[in-house]
Amino acid sequence: MKPVIALIGRPNVGKSTLFNQLTKTRNALVANLPGLTRDRQYGDGKFDNKSFIVIDTGGLGESDEGIDAYMAEQAKTAIQEADIVLFVVDARAGLLGSDEMIADHIRRLNKTSYLVVNKIDGLHEDAAVAEFHRLGFSQIFQTAASHGRGVFQLISDVLAPF
Ligand code: GDP
Ligand code: MG
């Protein structure tokens, strides 16, 4: 079984850019898995002879109507389908309240999850990442997905147990 990696986070943090990096293509094959619906985007990736599937999601909203408003149905389903959840945040935007709510939700689902602080390009990395430690993830990756930076380290580490 190929491990399934879900990309979760607010809109505009760089999930789709990361998806394209991980699948190495803009015309990623749609993974043909039984039971997976088509309202999320699936792509195939391969790293170091390990095949995996990536799910891109549309992003979670900014409403303050409670956790259900933040967690769009697609994202919830993607998390349920996933072996690995990558929670993507935007180093430029900084830590927002909606990030904290999403983090809480991910934690409650008890999936293997990692925090990805994206858009680190041009920033002082340690300073940019510092505030995100309070989200409580034990492992934090730093990426600049649009430059492909940090992506190799990310995929190599998250696939290591598989
Ligand atoms: P999504 O809504 O989470 O899927 O985000 P997108 O992948 O569509 O990216 C949103 C915007 O952020 C686009 O303009 C991307 O080019 C830009 N972006 C994505 N990754 C990076 C990055 O690492 N650094 C910078 N500076 N911009 C990025
Ligand atoms: Mg997107």
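Restricting attention to segment 145-162, which residues are surrounded by fewer than 19 Cβ atoms within 10 Å (Cβ to Cβ) and within 12 Å of ligand 1 (Cβ to nearest atom)? Walk me through it before giving the result.
First, pick out the residues of segment 145-162 that are surrounded by fewer than 19 Cβ atoms within 10 Å (Cβ to Cβ): 146-149, 152-153, 156-157, 159-162.
Hits for segment 145-162 are Ser146, His147, Gly148, Arg149.
Does any residue of segment 45-68 turn out to be within 15 Å of ligand 1 (Cβ to nearest atom), out of contact with any strand residue (DSSP E or B) (no Cβ under 8 Å at 6 or more places or on another chain), modelled with pLDDT of 90 or more and within 24 Å of Val129 (Cα to Cα)? Break it down into steps so the answer makes sense when it comes.
In the first step, residues of segment 45-68 are kept if they are within 15 Å of ligand 1 (Cβ to nearest atom); the result is 54-62.
So of that shortlist, the ones also out of contact with any strand residue (DSSP E or B) (no Cβ under 8 Å at 6 or more places or on another chain) come out as 58-59, 61-62.
Filter once more, so that each one left must be modelled with pLDDT of 90 or more: none.
No; the residues of segment 45-68 include none that is within 15 Å of ligand 1 (Cβ to nearest atom), out of contact with any strand residue (DSSP E or B) (no Cβ under 8 Å at 6 or more places or on another chain), modelled with pLDDT of 90 or more and within 24 Å of Val129 (Cα to Cα).
Is it the case that segment 149-158 has a residue that's under 13 Å from Gly14 (Cα atoms) and among the aliphatic types (A, V, I, L, M)?
The answer is yes; a qualifying residue exists.
Only residues that are of a type outside the set (Asp, Glu) and within 15 Å of ligand 1 (Cβ to nearest atom): list them for segment 106-124, please. Talk me through it step by step, then tell me what you get.
Looking only at segment 106-124, we keep the residues that are of a type outside the set (Asp, Glu), and these are 106-120, 122-124.
Listed by number, the residues that qualify are Leu115, Val116, Val117, Asn118, Lys119, Ile120, Gly122, Leu123, His124.
From Gln74, Gln80, Gln142, grab the single residue that is at pLDDT 95 or above and among the polar types (S, T, N, Q). Lay out the reasoning, then the answer.
Working: Gln74 fails: at pLDDT 95 or above; Gln80 fails: at pLDDT 95 or above.
One residue alone meets the criteria, Gln142.
Failed condition for Asp157, given (1) under 16 Å from Leu7 (Cβ atoms); (2) modelled with pLDDT under 95; (3) among the acidic types (Asp, Glu), with all others met?
(2) is the only condition that Asp157 fails.
Here are some conditions: (1) closer than 12 Å to Ala6 by Cα; (2) at pLDDT 95 or above; (3) not charged (D, E, K, R). Leu123 meets all but one. Which one does it not meet?
(1)
Could you go through segment 89-100 and let me know if any residue there is among the aliphatic types (A, V, I, L, M) and buried (at least 22 other Cβ atoms within 10 Å of the Cβ).
At the first step, the residues of segment 89-100 found to be among the aliphatic types (A, V, I, L, M) are 89, 91, 93, 95-96.
From the residues that got through so far, the ones that are buried (at least 22 other Cβ atoms within 10 Å of the Cβ) too are 89, 91.
There is at least one residue in segment 89-100 that is among the aliphatic types (A, V, I, L, M) and buried (at least 22 other Cβ atoms within 10 Å of the Cβ).
The values are calculated or read from the model by the stated rules, or taken from the named source; none is laboratory data. These figures come from a predicted structure and were not determined experimentally. Cβ: placed from backbone, ideal geometry, glycine included. Neighbour counts: every protein chain shown.
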